[in-house]
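The values are calculated or read from the model by the stated rules, or taken from the named source; none is laboratory data. Remember, predicted model here, so these are calculated numbers, not experimental data. Virtual Cβ from ideal backbone geometry, glycine too; neighbours counted across all protein chains shown.
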Amino acid sequence: MPNRIKVLIVDDHLVAREGITAILDFEKDIQVVGQASNAQETLLQISKVVPDIVLMDLRMPGVNGIELTRLVRNKLPTCKVIILTLYDQYVGEAMKAGAKGYLLKDITREELIDSIKRVYAGEEVYDKKVRPTIKIDYEEKFEEENRDLQGTELKEISEDISSILFNQVRIFILPPADISESLKLTSVAEEALSGDFKQVEGTLLDGISITFNLNNPLSTQEINRRLSKISHVTVLNYDALAGINDLQNLIKESQKFQMKHPSVKTMFVQLG
């Protein structure tokens, strides 16, 4: 049948491959064109069958699914990779490697088929259950004897460090933060800042933090300028955040973190 979506299944467990194949074989618009259990088999298969979609496991002997996603994308750029895994904590790494979807293995048959069709059509798909498991972590806190900083003090600190050069940037996306849009921002910001993605933390309801290592140190003004050039990003200063009561503790913790880690700059942004 013409125009069927060609799918290659990559998993080191035969039972998993056969199970997924059995599910997809009932779908008239999808054709399983091959299976692979490791990186070598995968790269041989994509040259042979030229799949539209690769369903990729993460934990495999030798080359893992993240690195293999990079290899697949480099070898066959037209192929789209969907991570299908038991593990929910590698969304950022998968997105950076070029994956267009991230699904957990407990999804239903209908959700899997729908996700394959959506990714084939050009969308990016992320399992809804990933959200609560990306744990927010603001790293080490100051001891209790360190007093909370007041709003005016926060502003003064912000002004005092304006000429400092930073080696890392933490972009904090104000809640509610859409996971798909947040992950899309990663690659755009990585290019704008001339840096390398390091990690993503947070939740949709609490906000999402994306950290980058900069290839060259930048000042606050330059970081602000570069992020402001991204069309769907609004960089917020501390005056703009002053009236958002729920974020006051977050801002204080962010400033405490910055005082302890002076090479890291936190920027608060809104998307849309």
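Summary table below
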| item | result |
| --- | --- |
| Only one of Ile20, Ile134, Ile46, Ile82 that is surrounded by 18 or more Cβ atoms within 10 Å (Cβ to Cβ) and modelled with pLDDT of 95 or more | Ile82 |
| Residue that is farthest from the chain's Cα centre (by Cα), among those in segment 175-220 that are of a type in the set (D, E, K, R) and in a loop (DSSP other than H, G, I, E, B) | Asp206 |
| Count - residues of segment 185-223 that are at pLDDT below 85, among the charged types (D, E, K, R) and within 25 Å of Gly98 (Cβ to Cβ) | 2 |
| Selection from segment 171-201 of residues that are of a type in the set (S, T, N, Q), in contact with a helix residue (DSSP H, G or I) (Cβ under 9 Å, 6 or more places away or on another chain) and at negative phi | Thr186, Ser187, Gln199 |
| Ile53 touching a Leu at 6+ places or on another chain (Cβ under 8 Å) and in contact (Cβ under 8 Å) with a residue 60 or more places away in the chain | yes |
| Residues of segment 30-56 classified as assigned to a loop (DSSP other than H, G, I, E, B) and touching a strand residue (DSSP E or B) at 6+ places or on another chain (Cβ under 6 Å), total | 2 |
| Filter result for the condition that a residue is farther than 16 Å from Ile113 by Cβ and not in a loop (DSSP other than H, G, I, E, B), over Thr21, Thr69 | Thr69 |
| Selection from segment 85-116 of residues that are exposed (fewer than 14 other Cβ atoms within 10 Å of the Cβ) and part of a helix (DSSP H, G or I) | Arg109, Glu110, Asp114 |
| Conditions (1) under 22 Å from Leu183 (Cα atoms); (2) touching a strand residue (DSSP E or B) at 6+ places or on another chain (Cβ under 6 Å); number of the one not met by Arg73 | (2) |
| Of the criteria (1) in a loop (DSSP other than H, G, I, E, B); (2) modelled with pLDDT under 85; (3) within 30 Å of Val50 (Cα to Cα), which one Glu123 fails | (2) |
| Meets criteria (farther than 19 Å from Leu103 by Cβ, in contact (Cβ under 8 Å) with a residue 12 or more places away in the chain and in a loop (DSSP other than H, G, I, E, B)) for Pro61 | yes |
| Qualifying residue in segment 152-166 (condition: in contact with a strand residue (DSSP E or B) (Cβ under 9 Å, 6 or more places away or on another chain), at pLDDT 85 or above and not aliphatic (A, V, I, L, M)) | no |
